[in-house]
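Scroll down for the structure; my scribbles are underneath it.
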Amino acid sequence: MSHTLPSDIRLHKKSRTLELVYPDAAFELTAEFLRVHSPSAEVRGHGIGNAVLQTGKQFVGITGVQPSGNYAIKIIFDDGHDSGLYTWDYLRDLCQNHDQYWQTYLQKLQEAGETRNNGLLARG
């Protein structure tokens, strides 16, 4: 498990990113990416094939990060979402497979005729 445990986690509110530092690499994940890939039932659904496509999250931010035991963190987003527990293994997976997951998300948005911003302007 130590290879999936970050040695440091840094929240960069201005750039809306979460930096995860591991002994072998460092990654920055945007709040939008983390929000649309939340492990919560609200996003993943309550069963296989019940996932809910998240739209309009381009300008979402992170207001806080809280530990959850020794196995996960809870990320609190400024749109009120805070129910997903990001395990260390899941976070490392998101880091390592970021590009693939992001392209899949963008493709699903396009297929659904949705957008990342739903016409919203960036928040100051």
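The values are calculated or read from the model by the stated rules, or taken from the named source; none is laboratory data. Quantities reported herein were computed from a predicted structural model and do not represent experimental measurements. Positions of Cβ are generated from backbone atoms using ideal geometry, with glycine treated the same way; all protein chains shown enter the neighbour counts.
Among the residues in region 49-67, are any of a type in the set (Phe, Trp, Tyr) and farther than 20 Å from PRO6 by Cβ?
Checked region 49-67: at least one residue is of a type in the set (Phe, Trp, Tyr) and farther than 20 Å from PRO6 by Cβ.
For region 9-20, what are the residues that are more than 14 Å from ILE73 (Cβ to Cβ) and either in contact with a strand residue (DSSP E or B) (Cβ under 9 Å, 6 or more places away or on another chain) or touching a residue at least 60 places away in the same chain (Cβ under 8 Å) (or both)?
HIS12, LYS13, SER15, ARG16, THR17
Scan region 53-70 residue by residue and report those that are surrounded by 14 or more Cβ atoms within 10 Å (Cβ to Cβ), over 20 Å from HIS98 (Cβ atoms) and not polar (S, T, N, Q).
GLY56 - this is the single residue of region 53-70 that is surrounded by 14 or more Cβ atoms within 10 Å (Cβ to Cβ), over 20 Å from HIS98 (Cβ atoms) and not polar (S, T, N, Q).
Which one is modelled with the highest pLDDT, of the residues in region 77-90 that are in contact with a Ser or Thr (Cβ under 6 Å, 6 or more places away or on another chain) and crowded, with 18+ Cβ neighbours inside 10 Å?
TRP88
From the list ALA72, ALA51, pick out the single residue that is free of Cβ contacts under 8 Å to residues at least 24 places away in the same chain, touching a Ser or Thr at 6+ places or on another chain (Cβ under 7 Å) and of a type in the set (A, V, I, L, M). It would help to see each step written out before you state the result.
On the way: ALA51 fails: touching a Ser or Thr at 6+ places or on another chain (Cβ under 7 Å).
Being free of Cβ contacts under 8 Å to residues at least 24 places away in the same chain, touching a Ser or Thr at 6+ places or on another chain (Cβ under 7 Å) and of a type in the set (A, V, I, L, M) holds for just one of ALA72, ALA51, which is ALA72.
Can you say whether PRO6 is under 13 Å from the mean Cα position of the chain (by Cα) and touching a residue at least 12 places away in the same chain (Cβ under 8 Å), as far as the supplied structure shows?
No.
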